[in-house]
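Here is the structure we will look at.
Where a number appears in this text, it was derived from the coordinates with a stated rule and is not lab data. None of these values were measured; they are calculated from a predicted model. With ideal geometry, Cβ positions are generated from the backbone for all residues, glycine too; neighbour counts draw on all protein chains shown.
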Amino acid sequence: MATLDTNGLEELILDLNGLAQTPSDVIDNMLMAGGEVIKKGHERELQSLGLVKTGRLKSSITIHKKRSGSSRYVLIYPYGSHHQYNKNRGGVATATNNDVGFVLEVGGHGIHPRQWMRVANEKNIDAAVDAEYKVYDLFLKTKGL
C-alpha cells in the first residue's frame, strides 16, 4: 500500500500565506525601484531631445510616493518652481517645472509637442518591471523560495 508523507506541509502553507500578504515595505521598495528607472529614463529623454538648457527641469524630476486606501503607487514628474517672469501688467507669475514639462510634452504657446515623458515611459517600462521584480525576488529568497 502506498503512503503519503506530508512532513513540512504546514510550513509551506504558512510560507505561501505569508507571500499573499507582501509587506508594505517590500511593495514600497518595488515601486521606488521601478520609479528610479522611469525617472532616469525621463532625464535621458529630455537630454536626447535637446530639451536641457539650464538643467532645472531635468533635475526637478521627482518620485512621489502615493497611497489611496490600500493601494500604493508612485508618480514621477517635474516638481517645484521653474522661474518667475513679468506679466504684461507688471505682475509676477511663477511657472512650475510641471508646467514647463507639460508644455514640452503636449505643446502650446508656440511650442511643438515633443512627448518626452510618454516616449521615456514606453522605452523604460520593461526595465522598470525588471527592477521591481529584482526587489520581489530578493524578498522571496529571504523566505527560502
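Some observations on this one:
- Cut-off under 5 Å, modelled amide H: who pairs with Ser81 long-range: Asn97
- Count Lys and Arg as plus one, Asp and Glu as minus one, and take only other residues whose Cβ is under 11 Å from that of Glu105; the net charge is then 0.
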